[in-house]
Amino acid sequence: MASRAALALVLGVLLAGCITERGSVYTNPPSPEEAMRQRVELARSYIGQGNWEDAKRNLKIAVELNDREPEIYEAFALVYQSTGEFELAEENFRKAISLDREFSRARNNYAAFLFAQERFAEAETQLERVVKDTLYEARPQAFVNLGLCRRALGKPALAEEAFARALAMDRQNRIALLELAQLRFEAGDYAAAAGYYTGYRAAVRRQSARGLWLGIRLAQATGDRDAEGSYALALRNLYPESPEFAAWQRQQAKAGAP
């Protein structure tokens, strides 16, 4: 079954320094361009805090200073996406991209928005553009996102290719490791699935319900009863309300039926 995990939004909203809105009589006022960038940075800090109104207030000031800056519209889009105003979110994502066709972060975030709307083919198109940007710092995550889109579209071979590219760039990427393990398991290649699954277990502090359910089925396929019991116990204790635990219960009921 294709994963419905949300695509990662590659944001930089939590800033290292403390930003305030106070001016100072002892310094020269910033240029309009610098003032605009300060407002965008401040807005992104507010986005990181979930303070949508103050984020929008600063972005409105920023757009008055420069209405051709794509980062302003990307930030507006993130605010509107977070407040459920999806038409405005899409309008602003598209505006940001139209102003800078090479704005990979905005494309990646737009793809995440499209994925959440279950518009998988459109998200795939955006991500195929993003992963071609070899200088994009979040390129490994973009490949992961592309793989998730392709899984949702029923393209396992192409999804595996994207996850493998992500893993080549980031050997500890837990999403890529788990997805590759799942894909190899579904293909009946249990040895390769076990290898990726071992890598996934090493990369996470605590397995997800999906990871444990895969571990159970992989242990069943390879005859490892101890691992099966351990993973089943963990699934029961950690995720008793999860769909994966319900699936395990159905499996056990079916196995015990006369």
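Condition first: outside the structural domain of Gly215 (by TED's automatic domain parsing), closer than 18 Å to Asn108 by Cα and touching a Lys or Arg at 6+ places or on another chain (Cβ under 8 Å). Can you find one or more residues in region 162-185 that meet it? Within region 162-185, one or more residues are outside the structural domain of Gly215 (by TED's automatic domain parsing), closer than 18 Å to Asn108 by Cα and touching a Lys or Arg at 6+ places or on another chain (Cβ under 8 Å). Counting only helices (runs of 4 or more DSSP H) that sit completely within region 37-135, those holding 2 or more residues that are touching a residue at least 60 places away in the same chain (Cβ under 8 Å) correspond to 104-116. Take region 150-176 and flag every residue that is in contact with a helix residue (DSSP H, G or I) (Cβ under 6 Å, 6 or more places away or on another chain), assigned to a helix (DSSP H, G or I) and aliphatic (A, V, I, L, M). Those that are in contact with a helix residue (DSSP H, G or I) (Cβ under 6 Å, 6 or more places away or on another chain), assigned to a helix (DSSP H, G or I) and aliphatic (A, V, I, L, M): Ala152, Leu158, Ala159, Ala162, Ala166, Leu167, Met169, Ile175, Ala176. Residues of region 217-258 that are among the charged types (D, E, K, R), part of a helix (DSSP H, G or I) and under 31 Å from the mean Cα position of the chain (by Cα): Arg217, Glu228, Arg236, Glu244, Arg250.
Taking the criterion of being among the polar types (S, T, N, Q) and either at pLDDT below 95 or surrounded by 15 or more Cβ atoms within 10 Å (Cβ to Cβ) (or both), the residues of region 223-251 that qualify are Ser230, Ser242, Gln251.
The values are calculated or read from the model by the stated rules, or taken from the named source; none is laboratory data. This one's a predicted model, so the numbers in the text were calculated from it and none came from an experiment. Cβ atoms come from the backbone with ideal geometry, glycine included; neighbour counts cover every protein chain shown.
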